[in-house]
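The values are calculated or read from the model by the stated rules, or taken from the named source; none is laboratory data. Remember, it's a predicted structure, so these values are computed and weren't measured experimentally. Methodologically, a virtual Cβ is constructed for each residue, glycine included, from the backbone with ideal geometry; neighbour enumeration extends over all protein chains shown.
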Amino acid sequence: MQKPKVLVTFDSMKENNCGYFYFGMGLGDALIENNQNRFNLTFYIYRRTLYRFQNKVKLLFRLKLHMLFFPSKNKFDLVHLSDQTCRLRPSKVNAKKIMTIHDMNKVHLKFSKPHRIEVYLKELRALIAQVDKVVAISEFVANDVKHYFPEATDKVSVIYNGADKLMVTPGHKPPITPSKPFLFTIGLLSVQKGFHLLPALLYNNDYELVISGIETPHKQTIIQEAEKYRCLDRVHITGPIEDADKAWYYQNCAAFVFPSRAEGFGLPVIEAMHFGKPAFLARKTSLPEVGGDVAYYFENFEPEHMQEVFNNGMQDFNARKPIEAIIKQAEKFSWDNAANQYFALYEECLNR
């Protein structure tokens with residue numbers, strides 16, 4: 001019997017310091033390892049993508065002309081569009097179609113003018129109408145989809161992302177290594193990540209703070225807040241880092257802090273919790289699903305409240321040392337589980 005031909009799009013992996021890159025790498029590797037000869041897999045990527053899945057799978061390279069015409073439109077039984085950017089438009093392929101939606105942050109952040117949000121919702125509604133199944137990466141995202149597109153409710157299911165435990169490289173140290181106990185966070189230095197709120201946590205203590213990720217003009221706001229709290233000498237903004245640096249920071253930090261107000265999932269939270277670290281999170285969007293009852297939550301972003309949550313949380317963590325419970329929470333999210341759930345959805349979609 002001929003195996004079903006499945007195309008999985010990972011064309012959002014252009015930059016190797018973005019969430020889509022790590023999503024594609026984690027899910028792609030897990031799909032390859034767990035396939036067990038069930039499907040004839042092909043991955044759709046940019047030719048310039050650094051990660052080529054160790055030559056274990058067929059690759060189809062994206063070309064600009066695919067926006068107009070996709071020569072392989074009739075060659076696949078199923079196409080999994082692994083994020084909602086859909087550079088390969090659903091209308092360009094004749095196959096069963098599944099689309100993963102990672103977030104609908106635009107409707108929460110309110111940075112865009114109302115008419116732009118309407119355009120965004122109209123475009124996303126059109127994409128959803130063209131696919132057979134929609135996967136949300138958290139219950140929060142699933143509820144967003146059902147709220148704004150109730151006609152798609154029966155299409156929606158939830159498959160959580162996975163997270164690999166990073167391995168610490170023996171003897172390795174990042175270029176910036178704090179000399180005192182430090183807090184760590186990582187992500188795009190954007191307003192919604194809330195990193196400008198973190199210098200307040202250094203008030204009246206000796207902690208240092210390491211912020212890693214792609215820099216934006218918002219970096220200046222973070223610096224201004226550090227100056228306000230007179231802790232600029234204890235705030236280190238590293239820019240993008242490699243996995244070896246990231247693992248060192250996770251292993252050696254006193255706590256992971258992530259006051260993001262818009263997250264579809266929150267991969268760095270799980271990465272930190274794999275190391276048994278206390279996680280201090282905003283009680284916003286999907287983060288409570290990830291942190292569960294072992295994380296500490298900021299109910300609002302007032303400096304005094306955040307300082308109280310942090311101080312009380314560190315006292316609780318140091319008294320109880322719930323390291324095993326934190327690691328157990330992180331282990332709920334694995335790429336193997338995600339891959340097998342996607343395979344089950346592929347089969348369901350193909351058999352309908």
Restricting attention to segment 79-89, does a residue exist that is farther than 16 Å from Ile45 by Cα and either touching a Lys or Arg at 6+ places or on another chain (Cβ under 9 Å) or free of Cβ contacts under 8 Å to residues at least 12 places away in the same chain (or both)? no
Selection within segment 171-205 - within 16 Å of Val257 (Cβ to Cβ) and of a type in the set (D, E, K, R): Lys180, Lys193
Can you find, within segment 129-179, the residue that is surrounded by the most Cβ atoms within 10 Å (Cβ to Cβ) among those that are under 15 Å from the mean Cα position of the chain (by Cα) and hydroxyl-bearing (Ser, Thr, Tyr)? Ser138
In segment 82-119, which residues are touching a helix residue (DSSP H, G or I) at 6+ places or on another chain (Cβ under 9 Å), over 20 Å from Met67 (Cβ atoms) and either assigned to a helix (DSSP H, G or I) or at pLDDT below 90 (or both)? Asn105, Lys106, Val107, His108, Leu109, Lys110, Phe111, Ser112, Arg116, Ile117
For segment 37-46, give me each residue that is free of Cβ contacts under 8 Å to residues at least 40 places away in the same chain, more than 12 Å from Ser12 (Cα to Cα) and assigned to a loop (DSSP other than H, G, I, E, B). Asn37
Filtering segment 14-40 down to residues that are under 24 Å from the mean Cα position of the chain (by Cα) and more than 17 Å from Trp335 (Cα to Cα), which residue is modelled with the highest pLDDT? Lys14
All but one of (1) more than 24 Å from the chain's Cα centre (by Cα); (2) closer than 30 Å to Gln2 by Cα; (3) part of a loop (DSSP other than H, G, I, E, B) hold for Leu60; state the number of the condition that does not hold. (3)
Only one residue in Glu215, Glu242, Glu227, Glu302 is within 25 Å of Lys173 (Cβ to Cβ), without any contact (Cβ under 8 Å) to a residue 24 or more places away in the chain and surrounded by fewer than 21 Cβ atoms within 10 Å (Cβ to Cβ), so which one is that? Glu242
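Inspect segment 75-86 for any residue being more than 20 Å from the chain's Cα centre (by Cα) and of a type in the set (Gly, Ala, Ser) and give the result as yes or no.
Just the residues of segment 75-86 that are more than 20 Å from the chain's Cα centre (by Cα), to begin with: 75-79.
Now drop any that are not of a type in the set (Gly, Ala, Ser), which leaves none.
Within segment 75-86 (the criterion being more than 20 Å from the chain's Cα centre (by Cα) and of a type in the set (Gly, Ala, Ser)), the answer is no, since none of the residues qualifies.
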Do we have Ile176 as closer than 27 Å to Phe310 by Cα, in the same structural domain as Glu263 (by TED's automatic domain parsing) and among the β-branched types (Val, Ile, Thr) here? no
If I filter segment 48-87 down to residues being touching a strand residue (DSSP E or B) at 6+ places or on another chain (Cβ under 8 Å) and among the polar types (S, T, N, Q), which single residue comes out as farthest from Ser12 (Cα to Cα)? Ser72
Here's a check for you: in segment 258-292, which residue that is among the hydrophobic types (A, V, I, L, M, F, W, C) and out of contact with any Gly (no Cβ under 9 Å at 6 or more places or on another chain) is farthest from Leu183 (Cα to Cα)? Ala262
Scanning segment 13-34 residue by residue, the ones that are surrounded by fewer than 22 Cβ atoms within 10 Å (Cβ to Cβ) and in a loop (DSSP other than H, G, I, E, B) total 5
Residues that are part of a helix (DSSP H, G or I) and of a type in the set (Gly, Ala, Ser), drawn from segment 239-276: Ala244, Ala247, Ala272
With the checklist (1) modelled with pLDDT under 95; (2) farther than 25 Å from Phe23 by Cβ in hand, flag the one item Pro178 doesn't pass. (1)
Quick check on my filter: what residues within segment 67-81 are farther than 30 Å from Arg261 by Cα and modelled with pLDDT of 95 or more? Phe70, Pro71, Ser72, Lys73, Asn74, Lys75, Phe76, Asp77, Leu78, Val79
(1) out of contact with any Lys or Arg (no Cβ under 8 Å at 6 or more places or on another chain); (2) over 30 Å from Asn143 (Cα atoms): which one isn't true of Phe70, the others all being true? (1)
Check off (1) part of a helix (DSSP H, G or I); (2) over 24 Å from Phe333 (Cβ atoms) for His236 and give me the number that stays unchecked. (1)
